[in-house]
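Below is one structure, written out as structure tokens; comments come after it.
The values are calculated or read from the model by the stated rules, or taken from the named source; none is laboratory data. All values reported here derive from a predicted model rather than from experimental measurement. For neighbour counting, all protein chains shown are included, and Cβ atoms are generated from backbone atoms with ideal geometry for every residue, glycine included.
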């Protein structure tokens with residue numbers, strides 16, 4: 001089995017992703033409920049040197 005397919009199968013077993021035709025989709029959705037404006041405002045401090 002090819003490495004990427006083996007890796008995707010292992011990640012699917014661990015519940016990290018779901019395999020779909022042509023690739024995979026991550027189960028982890030970091031900012032699913034946060035609007036773009038709120039994320040942009042919260043990220044301003046991260047970009048300040």
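Annotations
- Remark: pairs (first residue in segment 7-35, at positive phi; second residue modelled with pLDDT under 85; Cβ separation under 7 Å; 6+ apart in sequence or on different chains) = 15/27.
- Considering (1) modelled with pLDDT of 75 or more; (2) part of a helix (DSSP H, G or I), the lone condition that residue 46 does not fulfil carries the number (1).
- Positions within segment 1-17 being in contact with a strand residue (DSSP E or B) (Cβ under 9 Å, 6 or more places away or on another chain) and under 11 Å from residue 27 (Cα atoms), in sequence order: 11, 12, 16, 17
- The single condition among (1) part of a helix (DSSP H, G or I); (2) at pLDDT 70 or above; (3) exposed (fewer than 10 other Cβ atoms within 10 Å of the Cβ) that residue 5 does not meet is (3).
- Which listed residue is at pLDDT 65 or above and assigned to a strand (DSSP E or B), from 25, 37: 25
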